[in-house]
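Engineer: Handing you this structure, nothing more for now.
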Amino acid sequence: SGESGAGKTESTKLLLQHIMNLCKGNSQLEQQILQVNPLLEAFGNAQTVMNDNSSRFGKYIQLRFQKNTVRGAKLSEYLLEKSRVVQQDTGERNFHIFYYMFAGLSLKEKEMYGLLDPSLYRYISGRFGTQDVAQHWKNKYQEVCNALDMVGFQEQEQVDMQAILAGVLSLGNVTFEPEESSGSVKVSEASRGWLKAAAVKVNVLSQFLCFVPCSPWSPSVSCCCSLFADARDSIAKVAYGRVFGWIVCKINELLAENVDPEVELREIGILDIFGFENFAVNRFEQLCINLANEQLQHFFNHHIFQLEQAAYKEEELPWETIMFNNNEPILNLLLARPLGLLSLLDEQSAFPQATDKTFVDKLNSSFKGNLHFQPGRGRVLSFSIIHYAGKVQYTAGGFLEKNRDTLPANIRGLFINSVTPLLSVLFTGKSLCYDRASHMNQGHLGRSQHSLMVLMERMYSSNPHFVRCIKPNSQKEPGVVDNQVVLQQLRYNGLLETIRIRRDGFSWRPSFEEFAER
């Protein structure tokens, strides 16, 4: 763990290499496990203000062993930041894979996918790199292609996947305008070419327009145009999310252990999850990320302080209790039922009339006087939470829509009947390795929370080792240590108390038998 840019992903890769090196077993499987990383990074990482290669999802890697040899591996992914596909803040980029494609595809291939100059695409904000950066991306694209081959993706699957990504970019350039004769909305004349490039037949998309209902509370044509734009963006996000989930599934099929089910396998799990984030503007995604970090911090406290000191008490050792910063009240604020922030968000998401403002009003009345909550000030609709790592102000715009995370049923039908075989597979559900139906009544954050709870249960039943990554400075500079930045992290992570408990405590714990024999 550690904040964004502290080195978690790089440490994970080194740890994996180290473990593989110690095993010296099935070399092909070990190579495949290591090859998975460039693939996941291309599709799941992006440049942010805090980190040029920031993981925008959490991953848990389970390595399965038989007699110290790796026999298989399984990957679980959490909370992919799909909103990045359609919107990035200043100084940030979309997922790496889009830039790699522009730099690495030949002219002929670009023509086949209908890709034009990268500066034309709204979803990558018209930003492209310098010549040096483009060369770096070209090399990275080659790495991705090699990884796809090694992981076992068929050539046609690779073509389909890139066709979907190119279609997502073109879809982002589709705009809408009022249809004067009927007072409804149509695809603007100027963007019909993009619609064609998005490989969705015009008549199909005009049908889709009829599927997005105009709200009875705001029936103006300009509002309908923005509703259609939202629906367009949700299609792009869902398509990208499904491609990412499919890649993870394919990886798991390849790495699954091939052993007799009777054989008991040991396991080492490595959790590399996005770090705590506090940007100039913090949205729904930052709340998801910071909630996950709050839970990890609580897990750390539970193991390092609570269990440890309980053991000393049980052994009746003379021991002066070490106080630590317990973040349980913050978790209660976020997760309590029926009045925690998460429950209130799901409740509001279920009301068609609810807005981000009614949600914030509800928070302000429910958490009045709570030490870890502050109502927003100023004109922007917001609220603040005092997390274990400090105060974060969240901009509430878009919270309900992102939590609903829905796709009109008719749109799903369009995907299922798509001319791109892979797209239809992704939406029939035949290839998806996770069952979302079991908690469909929850919002996006609720579903994410469900999968995180499963992960936490697994972690509580294991014997954990904590690798704390500390960020040396806030400028992304090598070889520079800013003492204040380091000290702040040591403080909020509870590492000063950890050092104390390690120093005053008992690091070697033989059993009575071992001790007597010695």
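The values are calculated or read from the model by the stated rules, or taken from the named source; none is laboratory data. Fair warning: this is a prediction, and the values are worked out from it, not measured in the lab. All Cβ positions, even for glycine, are placed from backbone atoms using ideal geometry, and neighbour counts span all protein chains on display. SASA here: full protein model, heavy atoms, side chains in, ligands and nucleic acids out. Shrake-Rupley method; radii C 1.70, N 1.55, O 1.52, S 1.80 Å.
Engineer: Pick out, from 464, 475, 172, the residue whose Cα sits farthest towards the positive end of the charge dipole of the chain, with +1 on the Cβ of Lys and Arg and -1 on the Cβ of Asp and Glu.
Structural biologist: Of the candidates, 172 comes out farthest on the positive side.
Engineer: Tell me, what is the per residue accessible area of the chain in Å², probe radius 1.4 Å? Could you put the intermediate results ahead of the total?
Structural biologist: Working: 26120 Å² over 518 residues.
Solvent-accessible surface per residue comes out at 50 Å².
Engineer: Next up: Can you tell me the order of 46-52, 187-193 when each peptide is scored by its average per-residue count of other Cβ atoms within 10 angstrom, highest first? Show your work: numbers first, answer last.
Structural biologist: Values: 46-52: 19.4, 187-193: 14.6.
Packing order, densest peptide first, comes out as 46-52, 187-193.
Engineer: Quick one: compute the contact order of the chain, relative version, from alpha carbon pairs under 8 angstrom and 6+ residues apart, as a percent. Please list the in-between numbers first.
Structural biologist: On the way: 653 pairs, mean separation 91.1, N = 518.
Relative contact order here is 18 percent.
Engineer: Can you find, among 300, 236, 224, the residue farthest towards the positive end of the dipole of the range 224-323? Put +1 on the C-beta of Lys and Arg, -1 on that of Asp and Glu.
Structural biologist: Positive-most Cα among the choices belongs to 224.
Engineer: Distance between Cα centroids, the range 1-61 to the range 279-344: provide it in whole Å.
Structural biologist: With the range 1-61 and the range 279-344 each reduced to a Cα centre, they are spaced 26 Å.
Engineer: Per DSSP H run of n ≥ 4, the term is -39500 (n - 2.57); total these for the chain, divide by its residue number, and report the mean residue ellipticity at 222 nm rounded to 500 deg cm²/dmol. List each step's numbers first, then the result.
Structural biologist: Details: 21 runs with 257 residues, N = 518.
Using -39500 (n - 2.57) per qualifying helix, the result is -15500 deg cm²/dmol.
Engineer: Could I ask something else about it? Given a 1.4 angstrom probe, I'd like the percentage of the accessible area of the range 34-91 that is carbon and sulfur, rounded to a whole number. Write down the numbers at each step before the final one.
Structural biologist: Working: 780 of 1810 Å².
The computed percentage sits at 43.
Engineer: Using alpha-carbon positions, what is the distance between the centroids of the range 139-174 and the range 502-518, in Å?
Structural biologist: Centre-to-centre (Cα) distance: 55 Å.
Engineer: I've got another one for you. Quick one: order 137, 194 from most to least accessible surface, probe 1.4 Å. Could the numbers behind the result be given before it?
Structural biologist: Numbers: 137 20, 194 50 Å².
I get 194, 137, largest accessible area first.
Engineer: Give the peptides 106-115, 59-68 in descending order of average Cβ contacts within 10 Å, highest first. Write down the numbers at each step before the final one.
Structural biologist: Details: 106-115: 13.6, 59-68: 17.1.
With the highest mean Cβ count within 10 Å placed first, the list reads 59-68, 106-115.
Engineer: Something else about it: Percent antiparallel among DSSP beta bridges with both residues in the chain, to the nearest 5? Please list the in-between numbers first.
Structural biologist: Numbers: 32 of 33 bridges.
Antiparallel bridges: around 95 percent, rounded to the nearest 5.
Engineer: Using +1 at the C-beta of Lys and Arg and -1 at the C-beta of Asp and Glu, which of 121, 273, 442 has the Cα lying farthest in the positive direction of the dipole of the chain?
Structural biologist: 121
Engineer: Another question, then. Would you rank 387, 18, 450 by solvent-accessible area, highest first, keeping every protein chain in place and using a 1.4 Å probe?
Structural biologist: Details: 387 10, 18 105, 450 80 Å².
Solvent-accessible surface, decreasing: 18, 450, 387.
Engineer: Cα-Cα over 24 Å: which of 74/402; 237/476; 140/250?
Structural biologist: Numbers: 74/402 29 Å; 237/476 29 Å; 140/250 21 Å.
Over 24 Å Cα-Cα: 74/402; 237/476.
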